[in-house]
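A short write-up of the structure that comes next.
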């Protein structure tokens, strides 16, 4: 029996045209390859699961590097000066079967200070046949001396609408049906990461379902997400400033062991979508692609019930709550306080 290939490896992009959500980077790199202006050192930074190492591999391939001459180093496990000294000696060896040799150093911020100093000397005067591609999730930990010697590219979190469409596409290729709500929950849970979305799909596909149908209700149970009606009722309680109803909904979510983080995310997403529809109508199509049919119908119906300033204020308060909830003795207390603060009548909103 052979092991199943995990989805994030199976569906890793193999060419620039397959890379999604990073158009600002792909366009520049494709043009550099076309013009023969590939740099000797690149630094890719951004959140995990956004395509940094995938783009690095594609760039290496486009530069003419074969698998044999592609060296990948995980700086989390090879972070000392001894490993970098070995690298410094190896770079002077000619490639085996390619015009170039490419070194991809992942999580480069994990290198020690001494290792960075040793790497710096190689970055300053690398052999002509060598290309370095450094990748990091924590750019602030990379020395400025290293950053200044590389072409820098910042990878963004993948937008929800792209993650949602990707989930639908992968499910179809794997022989599954997935509804809009389920795909939206996968996208929301992934928090801008292709890898996390595909890892979650891997788990979902492993659930025992002979019909291979993935529906929102099943994903809500799997992720401990409150029912859609609860999210809508909470937002209506905010709009109508009904303290008793809002607090009751929070208690109901708490008693049902709902995932507070996901509850907050769903509330934030809906209010944000309302604000965007109200102030930036040109984003309607993008919002429709991000949301399911029921969710979009709800925000379309109620977007005018919430004044833009009130929506902006609610978003700020709920974002603060999202940041502090892990430090609370009572998990739902920050949301209760946030709700009461939002519906309070402060002077500027009277």
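When you restrict to C-alpha pairs under 8 Å that are six or more residues apart and normalise by the size of the chain, the relative contact order lands at 16 percent. Largest first and in whole Å, the equivalent-ellipsoid semi-axes of the stretch 271-319 read 18, 11, 10, each the square root of five times a Cα gyration tensor eigenvalue. Computed with the Debye formula from one identical point scatterer per Cα of the stretch 228-349, without solvent, the log10 of I(q)/I(0) at q = 0.13 Å⁻¹ comes to -0.49. Expressed as a whole number of Å, what is the distance separating the alpha-carbon centroids of the stretch 245-294 and the stretch 185-234? Computed from Cα coordinates, the inter-centre distance equals 15 Å. Once divided by 2.2 N^0.38 Å, the Cα radius of gyration of the stretch 207-258 becomes 1.43.
By the count of other C-beta atoms within 10 Å, a proxy for reagent exposure, 337, 35, 93, 201 are ordered fewest to most as 35, 93, 337, 201.
Computed from Cα atoms, the angle from the helix 160-173 axis to the main principal axis of the chain rounds to 80 degrees. Each helix, a run of at least 4 DSSP H residues, gives -39500 (n - 2.57); summed and divided by the residues of the chain, these come to -16500 deg cm²/dmol at 222 nm.
The angle separating the long axis of helix 52-62 from the principal Cα axis of greatest extent in the chain is about 40 degrees. Taking Cα atoms only, the orientation of helix 180-190 departs from the longest principal axis of the chain by about 60 degrees. In plain terms, if you count all Cα to Cα distances in the stretch 22-154 and split them into 10 Å steps from zero, the share in each step is 13, 47, 35, 5 percent. Spin-label model, residue 151/residue 323: points 7 Å from Cα along the beta carbon direction are separated by 3.5 nm. Computed on the chain, the Cα convex hull volume stands at 185 Å³ per residue. Over the stretch 22-154, what is the relative contact order in whole percent, taking alpha-carbon pairs under 8 Å and six or more residues apart? In percent, rounded to a whole number, it is 37. Using 0.36 nm per residue and subtracting the Cα-Cα separation, the extra length available between residue 31 and residue 293 on full extension is 90.4 nm. So the label point goes 7 Å from the Cα of residue 72 along Cα→C-beta, right? Which residues of the stretch 29-49 then have their backbone N under 14 Å from it? Inside the label zone: 49. Between residue 341 and residue 285, the FRET efficiency from the beta-carbon distance, with R0 = 25 Å, is close to 0.15. Mean sequence separation of contacting Cα pairs (under 8 Å, at least six apart), scaled by the length of the stretch 244-340, corresponds to a relative contact order of 36 percent.
Just so you know, all these numbers are worked out from the coordinates, no wet-lab data involved. Since the structure is predicted, the reported quantities are computational estimates derived from the model, not experimental observations. Ideal geometry is used to build each Cβ from the backbone, glycine not excepted, and the neighbour counts take in all protein chains shown.
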